[in-house]
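Okay, so here's the structure we're looking at.
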Amino acid sequence: MPVRAGPVYLTRAGKVEQSMAKVEQSMADVVLEMRDIVKTFLGVCALDRVSFDCVRGEVHALVGENGAGKSTLMKILAGADRPDSGTIVLKGTPVDMHDPREAWRLGIGIIYQEFNLHPNLNVAENIFLGQEPAGRYGLIDREVQRRRAADLLAQLGASIDPDAPVSRLSVAQQQMVEIAKALAFNAELLIMDEPSAVLAGEELERLFEVIAALRRRGATVIYVSHRLAEIFRIADRVTVLKDGHVTGTRSVSETDKAELVRLMVGRPLSDTFPPRSKSVGPALLSVKNLSSGRVLRNVNLTLRRGEILGLAGLVGAGRTALARAIFGADPIEQGEIYLDGRRLDVHHPGQAVAAGLGFVTEDRKAEGLVMGLSVRENIALPSLRRRQRLQFIQKRAEQQMVQGIVSELQIRAPSIDQPVELLSGGNQQKT
């Protein structure tokens, strides 16, 4: 039976021992060690004595549920956060990552799930922002900058005009610009935080090819993801976090999906999802001949009571556009929506909420949360009218409602009055 070890298939007879000997040999070439990292946010422990290491030229996956501490650990490595205690050792030398520029100087680059690009600058300007090539009289040499940007993009196989404004690029193209920016800073250790969350099909395949090329160049990649199938395809090792603790590090060739799920959630794979309902009820939501924007044309679907209906498709296929149109966030050009047999006429999200629809956006920071408000205020916001009396909010009822939701969804916050912007990404998503 073949066993997966990175991109190579090995048989159990004889060759596994040989492969593991190579792994043990490569362990002597440790690029990064994070030892006993502790991080708390206003009394909530996000990381509890977490240790993590990487070997030169490997793809090391970091997995865990929302709120497990993955992004917090990577932000500490990238200099965006400081640990309460613990040590970071880079190439055998303890380092103090006091800000992101220090991390860049040491050869550590990070590509966040939410890109760090300036939309009003062009591709070349974004790639070299902060390290622009200087010409005569100390002015930026635009031609050299453009040529170097084109060379970096060519290395990645990305057909992107260096003069194109970033605001006009697709999500996949913006990701390539982020990678090119990391290469421009000579990053030897590249962190990719949920890079496949916005990609599919050919764009995802291209990302995997880029990762393989980076590994061939001797770069080390830390790959943060929820998608276990990707881990078995591209990673050499995988470390699992749960509630701020490391529950295990495995060679990809010596584990399987069932073990990783058990390490992530603390229960066997057979209990990952609740049993499906044996029967569903009558139609609850019906969409008929819906058209909106450039993407949606004559869309029809029916959702029944007690049913989970999945929408699948490549990036740009219209999944998000359909959800937004049903919820009233985008205008409908033609078509009809029925809820419980009644024609639903919504022109903005407030009407959709009043009709009993809910919407969880893909962009929680821009569309799903008011970052300056508390956990309580954000959770209570869509349903304020239910707890109003003579235009005043019933605070006790609101607190009881929010506390119940926080407990049910296990939102980790020191209090419901914690500003939501101070929560981890996973707990922001639950909020």
Item checked: Selection of GluC sites (Glu not before Pro), region 362-391, meeting DSSP coil and at most 15 other Cβ within 10 Å -> Glu362
Next item on the list: With all protein chains present, calculate the accessible area of Lys395 using a 1.4 Å probe and round the result to the nearest 10 Å².
Entry: 110 Å²
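Taking a probe of 1.4 Å, how large is the accessible area per residue of region 220-350, in Å²? Walk me through the numbers on the way to the answer.
Working: 7520 Å² over 131 residues.
On a per-residue basis, 57 Å².
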Margin query: Let me cross-check Ile405: its accessible surface, 1.4 Å probe, with only protein heavy atoms counted, in Å² to the nearest 10?
Written below: 50 Å²
Check: Calculated from DSSP H runs of 4 or more alone, at -39500 (n - 2.57) each and per residue, what is the 222 nm mean residue ellipticity of the chain, nearest 500?
Finding: -9000 deg cm²/dmol
Next item on the list: Mind telling me which of Asp161, Asp236, Asp363 comes out most flexible in a GNM of the chain, alpha-carbon contacts under 10 Å?
Entry: Asp363
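Please give the net charge around Val375, taking every other residue with its beta carbon less than 11 angstrom from that of Val375, where Lys and Arg add +1 and Asp and Glu add -1.
0
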Notebook entry, point to check: Among the DSSP beta bridges whose two residues both lie in the chain, what percent are antiparallel, rounded to the nearest 5?
Noted result: 70 percent
Next item on the list: Select one label from (1) 24, 49, 22, 5, 0; (2) 21, 52, 26, 2; (3) 25, 54, 20, 1: the one whose number is P(r) over Cα pairs in 20 Å bins from 0, in percent as derived from the coordinates shown.
Entry: (2)
Next item on the list: Using a Gaussian network model of the chain whose springs link C-alpha atoms within less than 10 Å, name the residue from Glu58, Glu333, Glu209 with the highest mean-square fluctuation.
Entry: Glu333
Notebook entry, point to check: With labels modelled as points extended 7 Å from the Cα through the Cβ direction, what inter-label distance (nm, one decimal) is found for Lys257 paired with Ala197?
Noted result: 2.2 nm
Item checked: Residue among Gly350, Gly335, Gly138 with the largest mean-square fluctuation in a Gaussian network model of the chain, springs linking Cα atoms under 10 Å -> Gly138
Next item on the list: Go through region 324-341 residue by residue and turn each phi into a ³J(HN,Hα) via Karplus (6.51, -1.76, 1.60, θ = phi - 60°); whole Hz please, and just put x for glycine and proline.
Entry: 5, 5, 4, 7, x, 7, 10, x, 9, 7, 7, x, 9, 10, 10, 10, 6, x
Notebook entry, point to check: Which pairs break 30 Å Cα to Cα here: Lys242/Lys395; Lys91/Lys430; Lys91/Lys365; Lys91/Lys257; Lys70/Lys257; Lys278/Lys365?
Noted result: Lys242/Lys395; Lys91/Lys430; Lys91/Lys365; Lys91/Lys257; Lys278/Lys365
Next item on the list: Add +1 for every Lys or Arg and -1 for every Asp or Glu among the other residues with Cβ under 14 Å from the Cβ of Arg386, and state the total.
Entry: +4
Next item on the list: With a 1.4 Å probe and every protein chain kept in, tell me what percent of the accessible surface of the chain is carbon plus sulfur.
Entry: 50 percent
Check: Okay, which of region 177-192 sit inside 17 Å, backbone N to the point 7 Å along the Cα-Cβ direction of Lys91?
Finding: 183-191
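For a Förster distance of 25 Å, can you work out the FRET efficiency between the beta-carbons of Val38 and Asn66, rounded to the nearest 0.05?
The value I calculate is 0.75.
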Check: On full extension of the chain, what length is gained from Gln113 through Val280, given 0.36 nm per residue of separation minus the C-alpha to C-alpha distance?
Finding: 56.5 nm
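The values are calculated or read from the model by the stated rules, or taken from the named source; none is laboratory data. Since this is a predicted model, take the numbers as computed values, not measurements. A quick note on method: Cβ atoms are made from the backbone with ideal geometry, for glycine too, and the neighbour counts reach across all protein chains shown. With ligands, DNA and RNA removed, areas are computed over all heavy atoms of the protein, side chains included. Shrake-Rupley method; radii C 1.70, N 1.55, O 1.52, S 1.80 Å.
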